[in-house]
Amino acid sequence: MDTVNVGMIGGGLMGREMASAFARWCALQDMPVQPVLVAVADTNEDVLEWFQKIPSVTQQVTDYHLLLRNPDIDVCYVAVPHTFHEQIYLDVINAGKDLLAEKPFGVNQGAAQRIVEATKKSDSFVRCSSEFPFMPGAHAVYQACRDVAPLGRVLEVNAGFHHASDLDPSKPANWKRLSSMCGDIGVLGDLGMHVVHLPLRLRWRPQTVYAQLQKGYPRRPGSGGEAEVICDTWDNAALHTWAMVGDHPAAMRLEMKRLAPGATNTWYIEVLGTDGGFRYSTREPKTLWTFERGDHQEWKRTELGFSTPFKAVTGGIFEVGFPDIIQQMWAAYLLERGGLLGDHFGCVTPEEALMSHQLFSAALESEQTSRVIQLRYA
Ligand SMILES: NC(=O)c1ccc[n+]([C@@H]2O[C@H](COP(=O)([O-])OP(=O)(O)OC[C@H]3O[C@@H](n4cnc5c(N)ncnc54)[C@H](O)[C@@H]3O)[C@@H](O)[C@H]2O)c1
């Protein structure tokens, strides 16, 4: 099996998640390539300490430039606050490393555009993180919707990602609640890529958008012990769009919410056609609902089990979870990097990431002007 040496920049919540996915790589079957975490850079020394338990990590630094000079590193994974994306992604690309970038791929559209341009001028293989399409139910919807003709006329697409944690006003604020760190797009940047990845891959590109954006609590206690931190980001977004699905315009509603009562990490997609449709939500992670219009109108329930896109040792009747889809996403990244992805679903491309930013910029404009905004993709 080929090994790929990974250097990680930002070892926080997502950095640790990726490290654990690599550590149990043996869970995947017939995988010709294996990632090995060899280096971690984080400005916080306490964060670095956690990685001492991973024997393959031979370089731990607070200055990521030192990691970029390490000739043994093939791929960089970068998971830092959004305001740092552009500089670090450009530095990774200019250092000649491949990159799995975290979403939203720059703090705004301008940053995403510059990252795309640098990628085009380089030989670096660059993709952006988004793992939910690797859930078996999401993947089944994708496979079925590559040809929507059997669904009749697709009337609606509803996709979203809902969290509830911000409902608690005593939850301390971190950088994700500050526009200065996560950008003016707020929750659109935080959760938006997860919602648009499948529609954009299916070429269901919003042509117009009308946005309703809401803010949450304006003040919270600080995570560093501060009595009060001003929170100025958008917390909830409902984007009402029109997109061509098959031969017809469909109403596509995209929701990203950090104030969704009862939702922990609920990702969903629903496609409703006159003859058929699909409904999948991580709230019922094994269950795919399929609509069929025959003599009767039926919603059929299918229990999918552990039918991930890339085969694993886990028994077929078991459940898939977040750590599994993170690992599946890495498998897709590494296979595509090696030219071995074939017809499998791949990670977000730089061009798709830029399109998502075009949509989010238009959503901000819609909010500011209370108007429907037309989208034109470059
Ligand atoms: N794919 C997903 O499901 C998912 C989930 C959560 C977050 N994310 C994304 O991951 C990224 C990081 O989010 P997180 O939740 O892990 O944040 P986090 O705050 O837990 O971790 C960020 C880490 O970056 C470090 N850091 C900051 N500046 C740095 C620099 N210049 N050099 C090196 N390290 C630096 C911080 O010390 C911190 O440890 C964001 O882009 C976020 O949107 C993705």
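The values are calculated or read from the model by the stated rules, or taken from the named source; none is laboratory data. Only a predicted model underlies this, so the values are computations on that prediction, with no experimental measurement involved. All Cβ positions, glycine included, derive from the backbone under ideal geometry; neighbour counts span all protein chains shown.
Within region 215-224, identify whether any single residue is outside any loop (DSSP other than H, G, I, E, B), closer than 30 Å to V148 by Cα and in contact (Cβ under 8 Å) with a residue 40 or more places away in the chain, and answer yes or no.
We begin by selecting, within region 215-224, every residue outside any loop (DSSP other than H, G, I, E, B); these are 215, 219-220, 222.
Among the residues that remain, those that are also closer than 30 Å to V148 by Cα are: none.
Scanning region 215-224, I find no residue that is outside any loop (DSSP other than H, G, I, E, B), closer than 30 Å to V148 by Cα and in contact (Cβ under 8 Å) with a residue 40 or more places away in the chain, so the answer is no.
Could you look through region 253-274, keep only residues that are hydrophobic (A, V, I, L, M, F, W, C) and surrounded by fewer than 21 Cβ atoms within 10 Å (Cβ to Cβ), and pick out the one that is farthest from the chain's Cα centre (by Cα)?
Keep residues of region 253-274 that are hydrophobic (A, V, I, L, M, F, W, C), which gives 254, 256, 259-260, 263, 267, 269, 271-272.
In the following step, the residues that additionally are surrounded by fewer than 21 Cβ atoms within 10 Å (Cβ to Cβ) were identified as 259-260, 272.
Details: L259: 19, A260: 19, L272: 23 Å.
Among those that are hydrophobic (A, V, I, L, M, F, W, C) and surrounded by fewer than 21 Cβ atoms within 10 Å (Cβ to Cβ), it is L272.
Please work out if V187 is more than 16 Å from the ligand (Cβ to nearest atom), closer than 30 Å to Y377 by Cα and aliphatic (A, V, I, L, M).
It is false that V187 is more than 16 Å from the ligand (Cβ to nearest atom), closer than 30 Å to Y377 by Cα and aliphatic (A, V, I, L, M).
Name the residue, out of V271, V196, that is in contact (Cβ under 8 Å) with a residue 24 or more places away in the chain, under 18 Å from A144 (Cα atoms) and within 16 Å of the ligand (Cβ to nearest atom).
Sole residue among the options that is in contact (Cβ under 8 Å) with a residue 24 or more places away in the chain, under 18 Å from A144 (Cα atoms) and within 16 Å of the ligand (Cβ to nearest atom): V196.
For the subset of region 117-132 comprising residues that are of a type outside the set (G, A, S) and within 16 Å of the ligand (Cβ to nearest atom), which member is farthest from the chain's Cα centre (by Cα)?
Checking each candidate, the answer is V126.
For region 75-116, which positions are more than 11 Å from the ligand (Cβ to nearest atom) and polar (S, T, N, Q)?
Hits for region 75-116 are N94, N108, Q109, Q113.
Within region 1-45, track down each residue that is away from the ligand (no atom under 16 Å from the Cβ), outside any strand (DSSP E or B) and at pLDDT 95 or above.
A23, R24, W25, C26, A27, Q29, M31, P32
So which residues in region 285-299 are of a type in the set (A, V, I, L, M) and part of a loop (DSSP other than H, G, I, E, B)?
none
Are there strands (runs of 3 or more DSSP E) fully within region 51-157 with at least 1 residues that are surrounded by 21 or more Cβ atoms within 10 Å (Cβ to Cβ) and charged (D, E, K, R)? List them.
Filter on region 51-157 gives 98-101, 126-128.
Suppose we keep only residues that are of a type in the set (S, T, Y) and touching a residue at least 24 places away in the same chain (Cβ under 8 Å) within region 353-378. Which one would you say is surrounded by the most Cβ atoms within 10 Å (Cβ to Cβ)?
Applying the first criterion (of a type in the set (S, T, Y)) to region 353-378 yields 356, 361, 366, 369-370, 377.
Next, only the ones that are touching a residue at least 24 places away in the same chain (Cβ under 8 Å) stay: 356, 361, 366, 377.
Details: S356: 28, S361: 20, S366: 20, Y377: 12.
This residue is S356.
Restrict the check to region 325-334 and report whether at least one residue is closer than 30 Å to Q113 by Cβ, polar (S, T, N, Q), touching an Asp or Glu at 6+ places or on another chain (Cβ under 9 Å) and crowded, with 18+ Cβ neighbours inside 10 Å.
yes
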